[in-house]
Amino acid sequence: DADRRARFEREARAVAALSHPNILALHDIGLDADTLFVVTELLEGETLADRLRQGALPVRKAVEIAVGVARGLSAAHGKGIAHRDLKPANIFLLADGQVKILDFGLAREMTAASGATETQAALTDPGTVLGTAGYMAPEQIRGQPVDGRADLFALGIVLYEMLTGSRAFARETTAETLTAILKEDPPELTTARADLPP
């Protein structure tokens, strides 16, 4: 689909312009026969999702990771790009301790006037919900325009998970999880982990 390809190339080039130590470097975009491809830097380590299978992180490590992610998001937002799918599987922990944000696949350039991403045709039809249940901001769930604040909401949920070892809004079904995000507060951090400093 020519429109989807054009959008993919446009958004990939926008992400490629994000030169920041906490964002996966995208080196090239191309077309081979009918296959679009991207070339990224090679990373050695594990995703935060893999690491969280072992349980909660030490407070200092969780804060270090959150700071790295926040710096990467700040750089993206400064260039007018919202990630829209921040979650532990899209955060990579390098062997040397550095943090990289991966997969700007749902990334969208924010409009200059409002700073929000418009839900548009092509891959994002009006009212379409994009993201991962459990990490989406309320406006994403409602299919409304999003901006960098949706990424910060997701970062808060990821930080909660790093500190407690459990998801903030986890419920039995996707619908219940989305409803919890819209209508409930997560359990207090100290309820889940009494040793956390204020």
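Can you tell me which of R53, R10, R84, R5 is of a type in the set (D, E, K, R) and within 16 Å of the chain's Cα centre (by Cα)? Steps first, answer last, please.
Working: R53 fails: within 16 Å of the chain's Cα centre (by Cα); R10 fails: within 16 Å of the chain's Cα centre (by Cα); R5 fails: within 16 Å of the chain's Cα centre (by Cα).
Exactly one of R53, R10, R84, R5 is of a type in the set (D, E, K, R) and within 16 Å of the chain's Cα centre (by Cα), namely R84.
Of everything listed in (1) open to solvent by 20 Å² or more (accessible area, probe 1.4 Å); (2) more than 30 Å from P197 (Cβ to Cβ); (3) among the hydrophobic types (A, V, I, L, M, F, W, C); (4) touching a helix residue (DSSP H, G or I) at 6+ places or on another chain (Cβ under 7 Å), the single unmet condition for A56 is (2). Checking each residue in region 73-91 for being assigned to a helix (DSSP H, G or I), open to solvent by less than 40 Å² (accessible area, probe 1.4 Å) and farther than 23 Å from A133 by Cα picks out only A75.
Of all residues in region 18-37, those being closer than 16 Å to I101 by Cα and surrounded by 12 or more Cβ atoms within 10 Å (Cβ to Cβ) number 8.
Could you check region 139-184 and list, in sequence order, the residues that are among the acidic types (D, E) and either open to solvent by 40 Å² or more (accessible area, probe 1.4 Å) or modelled with pLDDT of 95 or more (or both)? Before you say what the answer is, go through the steps one by one.
From region 139-184, those among the acidic types (D, E) are 139, 147, 151, 161, 172, 176, 184; that's our starting set.
Result: E139, D151, E161, E172, E176, E184.
Listed here are the residues, each with its yes/no results for (1) open to solvent by 80 Å² or more (accessible area, probe 1.4 Å); (2) closer than 22 Å to L155 by Cβ; (3) at pLDDT below 95.
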{"site": "D1", "(1), (2), (3)": "yes, no, yes"}
{"site": "A12", "(1), (2), (3)": "no, no, yes"}
{"site": "T47", "(1), (2), (3)": "no, yes, no"}
{"site": "L52", "(1), (2), (3)": "no, yes, no"}
{"site": "K61", "(1), (2), (3)": "no, yes, no"}
{"site": "E64", "(1), (2), (3)": "yes, yes, no"}
{"site": "R71", "(1), (2), (3)": "yes, yes, no"}
{"site": "L93", "(1), (2), (3)": "no, yes, no"}
{"site": "G105", "(1), (2), (3)": "no, yes, yes"}
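The values are calculated or read from the model by the stated rules, or taken from the named source; none is laboratory data. Computed from a predicted structure; not experimentally measured. So basically every Cβ, Gly included, is an ideal-geometry build from the backbone, and we count neighbours across all protein chains shown. Surface areas here come from the heavy atoms of the whole protein model, side chains and all, with no ligands, DNA or RNA. Shrake-Rupley method; radii C 1.70, N 1.55, O 1.52, S 1.80 Å.
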